[in-house]
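Worksheet: one structure, shown below.
The values are calculated or read from the model by the stated rules, or taken from the named source; none is laboratory data. Since the structure is predicted, the reported quantities are computational estimates derived from the model, not experimental observations. Methodologically, a virtual Cβ is constructed for each residue, glycine included, from the backbone with ideal geometry; neighbour enumeration extends over all protein chains shown.
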Amino acid sequence: MGQAKPSVPRFASPFQHKMLPLSRRTSPDRKLSCAAANSDADQDTAGLLAARLADPARTALLAGWAAFLGYAFVFAPNTAEGSAADIATVEALIATPFSGSVNALFEAQFNSLGVMPAVYAALLFPGAKDQKPVPTLPFVAGSFALGYFALGPYLVAREARPEPVSRSSLGFATKNIFEAKWNAALLLAFATFLTYWGASHISSESIAEYAQMWHTQALVNVSSVDLCVLSVAIYNPLVEDMQRRGWGDRKAMAAAFCLLPVIGPAAYLLVRPALEE
């Protein structure tokens, strides 16, 4: 019976762990091609932004965004007492809405800042597919919390999409929520209620209280300016949506919808033609 051969221990080569399959190696040529691709992408983005800013309307939107940003950080009230009052106001708005615990004029204004981003979403999402150089969703979603601070850069940089689109090409949420007439009806009903709520509480006392809040609380001050800016900036998306649905370049009609803040744009969503399947 033969003896078993003693096993020979196997020692890994000190270079073995450094050996990679060819498919995982990065050649200098590949690195250069990646760098070139990134450079081309940066140049394309810069070119697209330059083309957008050649439009005076886009330049105005950018100037408005920069001015609003500067106003909020430089001129808006900024005191410890005002910050504490802001927190108390938000807590009251959440805990006891429409109970009279918060100035009704501000409460109507504050809740309108929830309606306007939803209207913007219904106007912008049908043209959101493959947007360049920035996607639509992050900016529109951010506008529900940050208003024009979040939405402004997108309105400046986005690609105009006045061409018709089919309803079947839309995403699930756009097709079933933002294109739905029930959504438009809810937005219009809430906008109408907010207008009634504010108008029915107008008095010398409520106006004086609102003015005091505006001068001392950043929340009240900045949000009022935000609503004004959003109400003006919605004009171009509204005109574009009209063109997309075959209404043509009806700038006067778009201006008429915009003249009545919040209610007007919400009413447009209810009466606009549906997209073709």
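Of the residues that sit in region 240-259 and are outside any loop (DSSP other than H, G, I, E, B) and basic (K, R), which one is surrounded by the most Cβ atoms within 10 Å (Cβ to Cβ)?
My answer is R244.
On the given criteria, is V90 of a type in the set (V, I, T), in a loop (DSSP other than H, G, I, E, B), at pLDDT 95 or above and over 25 Å from R245 (Cα atoms)?
no
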Exactly one of (1) touching a residue at least 60 places away in the same chain (Cβ under 8 Å); (2) assigned to a helix (DSSP H, G or I) is unmet by A84. Its number? (1)
On the basis of being under 27 Å from Y71 (Cα atoms) and within 18 Å of the chain's Cα centre (by Cα), does A160 make the cut? no
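What about F193, is it part of a helix (DSSP H, G or I), surrounded by fewer than 18 Cβ atoms within 10 Å (Cβ to Cβ) and among the aromatic types (F, W, Y)?
Yes.
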Give Y154, Y120 a once-over and let me know the one that is crowded, with 18+ Cβ neighbours inside 10 Å, of a type in the set (S, T, Y), in a helix (DSSP H, G or I) and in contact with a Phe, Trp or Tyr (Cβ under 6 Å, 6 or more places away or on another chain). Y154
Does region 217-239 contain any residue that is in a loop (DSSP other than H, G, I, E, B) and polar (S, T, N, Q)? yes
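Can you tell me which residue within region 260-277, out of those that are in a helix (DSSP H, G or I) and not small (G, A, S), is farthest from G114 (Cα to Cα)?
Filtering region 260-277 for residues that are in a helix (DSSP H, G or I) and not small (G, A, S), the one farthest from G114 (Cα to Cα) comes out as V271.
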Go through region 157-185 and count every residue that is part of a helix (DSSP H, G or I) and either of a type in the set (K, R) or surrounded by 15 or more Cβ atoms within 10 Å (Cβ to Cβ) (or both). 9
Regarding region 123-145, can at least one residue be identified that is more than 15 Å from the chain's Cα centre (by Cα), in contact (Cβ under 8 Å) with a residue 60 or more places away in the chain and surrounded by 18 or more Cβ atoms within 10 Å (Cβ to Cβ)? no
When every residue in region 200-222 that is without any contact (Cβ under 8 Å) to a residue 24 or more places away in the chain and of a type in the set (A, V, I, L, M) is compared, the one farthest from P265 (Cα to Cα) is A208
Out of R58, R52, I need the residue that is in contact with a Lys or Arg (Cβ under 9 Å, 6 or more places away or on another chain) and farther than 26 Å from G264 by Cα. Which one? R52
Considering region 181-198 alone, what residues qualify as being in contact with a helix residue (DSSP H, G or I) (Cβ under 8 Å, 6 or more places away or on another chain) and not charged (D, E, K, R)? N183, A184, A185, L187, L188, F190, A191, T192, L194, T195, W197, G198
